[in-house]
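Q: Mind looking over this structure? Questions follow.
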Amino acid sequence: MLVKTRLALGALAVLFTAGCSAAPAAAPAPPAHGLTATLTTPTDIDLRWPAGDPAAAGHLLEYANSAGGPWTALQYFPRSRTTYRHPDLIPETPFFYRVRDFFGPVSAVVQPGSVVPPGRATPPAAAVPARTPGDAAAPGDVTVVPAEDSSVHFTWADRSIDEAGFLVEIRKPGVAGFVPVEITGPNTTTCALSLLPDEQGSTFRVRALYYGPLSPVVNRTTGKD
């Protein structure tokens, strides 16, 4: 059964698949300090944070309406992105924010139509921790199969034993870097993604995900509309 989710890039939340509620494992890197939240209009909050650990792949920004949560993922960002505007919020409401770096080994780069030929799949290997140096824990045998509805279906081999989930990353045509576009739960090996018009012809890779420590929490209360 395919797991169908998509990161709400620039929107309110990220949808997690079943089984993704396991607590993320901590990385040895120092926490990302310096997160700030600025009320720029009565219902818009601008977030800024430092680049963090140089070894990080990117940042996860989360929010809640009370200091104790529950926490909701706003966005997964590449490491080069250190700002975000949380727009059109409920007036006169508290918003709490935190950020953490994410890490993890990535698969080979693939594109729609890339299918492992029969008998050419990578031999099975013993699963290892996601923090294992090199690419031993990277997802293997990634395939991307186009479908009739402008979607693509991914499969891969799970080669890590403690990932917090898998992050599908996209590189659009003419763009230099990859950005997160899809999230699944741990121990998942399939997902589907509906491509937007400007994503046709993109390439993809899959990351075995783990997290760094949380930043300090900051908060702002929105004004009157």
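The values are calculated or read from the model by the stated rules, or taken from the named source; none is laboratory data. All of these numbers come straight from a predicted model, not from anything done at the bench. In this analysis, Cβ positions are derived from the backbone assuming ideal geometry, glycine residues included, and neighbour counts consider all displayed protein chains. Heads up: the accessible areas ignore ligands, DNA and RNA and are worked out on the full protein's heavy atoms, side chains in. Shrake-Rupley method; radii C 1.70, N 1.55, O 1.52, S 1.80 Å.
Here is a yes/no grid of residues against (1) surrounded by fewer than 15 Cβ atoms within 10 Å (Cβ to Cβ); (2) among the charged types (D, E, K, R):
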position	(1), (2)
THR38	yes, no
ARG48	yes, yes
GLY52	no, no
ALA57	no, no
ALA67	yes, no
THR82	no, no
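Q: While we're looking at this one, here's another question. Considering only the stretch 46-104, how many residues are in a loop (DSSP other than H, G, I, E, B) and in contact with a Leu (Cβ under 6 Å, 6 or more places away or on another chain)?
A: Residues meeting the conditions: 2.
Q: While we're here: For a quick check of your reading: which strands (runs of 3 or more DSSP E) sit entirely within the stretch 114-225 and have at least 3 residues that are open to solvent by 60 Å² or more (accessible area, probe 1.4 Å)? Step through it out loud before you land on a result.
A: Working: elements: 140-146, 151-157, 165-171, 179-184, 190-194, 203-214, 218-221.
Fully inside the stretch 114-225 and qualifying: 218-221.
Q: Considering only the stretch 123-140, I want to know if a residue exists there that is in contact with an Asp or Glu (Cβ under 6 Å, 6 or more places away or on another chain), modelled with pLDDT under 75 and more than 24 Å from GLY201 (Cα to Cα).
A: no
Q: Kindly indicate which of LEU47, LEU39, LEU61 is modelled with pLDDT of 95 or more and either of a type in the set (D, E, K, R) or touching a Lys or Arg at 6+ places or on another chain (Cβ under 7 Å) (or both).
A: Numbers: LEU47 fails: either of a type in the set (D, E, K, R) or touching a Lys or Arg at 6+ places or on another chain (Cβ under 7 Å) (or both); LEU61 fails: either of a type in the set (D, E, K, R) or touching a Lys or Arg at 6+ places or on another chain (Cβ under 7 Å) (or both).
After ruling out the rest, the residue left standing is LEU39.
Q: Return only the number of the condition from (1) out of contact with any His (no Cβ under 7 Å at 6 or more places or on another chain); (2) touching a residue at least 12 places away in the same chain (Cβ under 8 Å); (3) of a type outside the set (Val, Ile, Thr) that ALA147 does not satisfy.
A: Only one criterion in (1) out of contact with any His (no Cβ under 7 Å at 6 or more places or on another chain); (2) touching a residue at least 12 places away in the same chain (Cβ under 8 Å); (3) of a type outside the set (Val, Ile, Thr) is unmet by ALA147, namely (1).
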